[in-house]
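A quick write-up on the structure given underneath.
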Amino acid sequence: MIKSMTGFGAGDFEDESFKVHVEIKTVNQRYLEVNFHMHHTLAAFEADITQKIKEYISRGKLDINVKYHDLREKKVSIIVDKGLVEAYGSALTNINEQLGLTRPFSAVDIARFPDVLCVDDEDNDMEEAGPAILSAVEAALKNLVAMREKEGRNIEGDLLARVDTLESYVNQLEKLAPEIVANYRQRLETLLEQYLAKEDIDETRIIQETALFTDKVNYTEEVVRLHSHFQQFREIIKADEPVGRKIDFLIQEMNREINTVASKANSVGAAQIAVDVKCEIEKIREQIQNIE
């Protein structure tokens, strides 16, 4: 099944201890890249979250936002930075003396300055939050995958239609092949007769050389391989696994075959069809950059 690499999913978890909301957004990327946006206290869970992500996603650039609230009653202590208190107090005293101010300053005034007071809640057991966070992450991933699969079905329909178009072009090339070979053979034989009419030549050798050069414009083998590639393409996109890289390789093979056809085809009509095939292959190449 084809999956798009772009998508969005959100998930939640809440019980009496924790409340977690997770949002995941993905865009195209050759490999899997995970960018975390969450409080530094959750950094210990990055490896577990990444492992969970890999169960659902194989590639794409992923941004994950985690909003976490600890609902447990916790012991909180307020820490006073005594050094800062002394420094701020001394600075305020100097200002009063310099300006001749008599207004006293209070503890509340000093406490308002940055970093004088800080909350210490490090005694909280963060390990207990792990299952809650992973549960919200998994819910978000399931919603993300559902969206990627839906978009993937649209892409699959477009790709199958384009492969049908490619096959119709190649069918036209297949019909032209005998005529191209025959015309080339006729022109070659005519030229040989004109240039060698007055010479004592081996007619058998002429036939052999004509056949040899005629084979150079015969692209039957390439057409057969292209039909095989089309069939493989249809089978691959139905596989229950990421198929982007396989299809990308197959597209390269199709492009190589049609380039050979274009170089062999000694026909304006065949050359134009080959150009149309290459244009359609390029459209497919652009489209598969969006799939996993």
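The values are calculated or read from the model by the stated rules, or taken from the named source; none is laboratory data. All values derive from a computational prediction rather than experimental measurement. Cβ coordinates were reconstructed from backbone atoms using ideal geometry, including for glycine residues, and neighbour counts include every protein chain displayed.
Summary of computed values
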item: Residue in the range 59-100 that is farthest from Val27 (Cα to Cα), counting only those that are surrounded by fewer than 10 Cβ atoms within 10 Å (Cβ to Cβ) and among the aliphatic types (A, V, I, L, M); result: Leu99
item: Residues within the range 230-269 that are in contact (Cβ under 8 Å) with a residue 60 or more places away in the chain, more than 22 Å from Lys54 (Cβ to Cβ) and outside any loop (DSSP other than H, G, I, E, B), tallied; result: 6
item: Subset tally (residues that are farther than 24 Å from Val261 by Cβ and either in the same structural domain as Tyr68 (by TED's automatic domain parsing) or buried (at least 18 other Cβ atoms within 10 Å of the Cβ) (or both)) for the range 156-184; result: 1
item: Flag if Leu141 is of a type in the set (A, V, I, L, M) and without any contact (Cβ under 8 Å) to a residue 12 or more places away in the chain; result: no
item: Failed criterion for Ala91 (all others in (1) part of a helix (DSSP H, G or I); (2) on the phi > 0 side of the Ramachandran plot hold); result: (2)
item: Strands (runs of 3 or more DSSP E) contained entirely in the range 3-50, each with at least 1 residues that are out of contact with any strand residue (DSSP E or B) (no Cβ under 9 Å at 6 or more places or on another chain) and touching a residue at least 24 places away in the same chain (Cβ under 8 Å); result: none
item: Of residues in the range 235-263 being aliphatic (A, V, I, L, M) and over 24 Å from the mean Cα position of the chain (by Cα), the one surrounded by the fewest Cβ atoms within 10 Å (Cβ to Cβ); result: Ala262
item: Residues satisfying the stated conditions in the range 155-179, i.e. without any contact (Cβ under 8 Å) to a residue 40 or more places away in the chain and closer than 27 Å to Met5 by Cα; result: Gly157, Ala161, Asp164
item: Qualifying residue in the range 119-134 (condition: assigned to a loop (DSSP other than H, G, I, E, B) and free of Cβ contacts under 8 Å to residues at least 12 places away in the same chain); result: yes
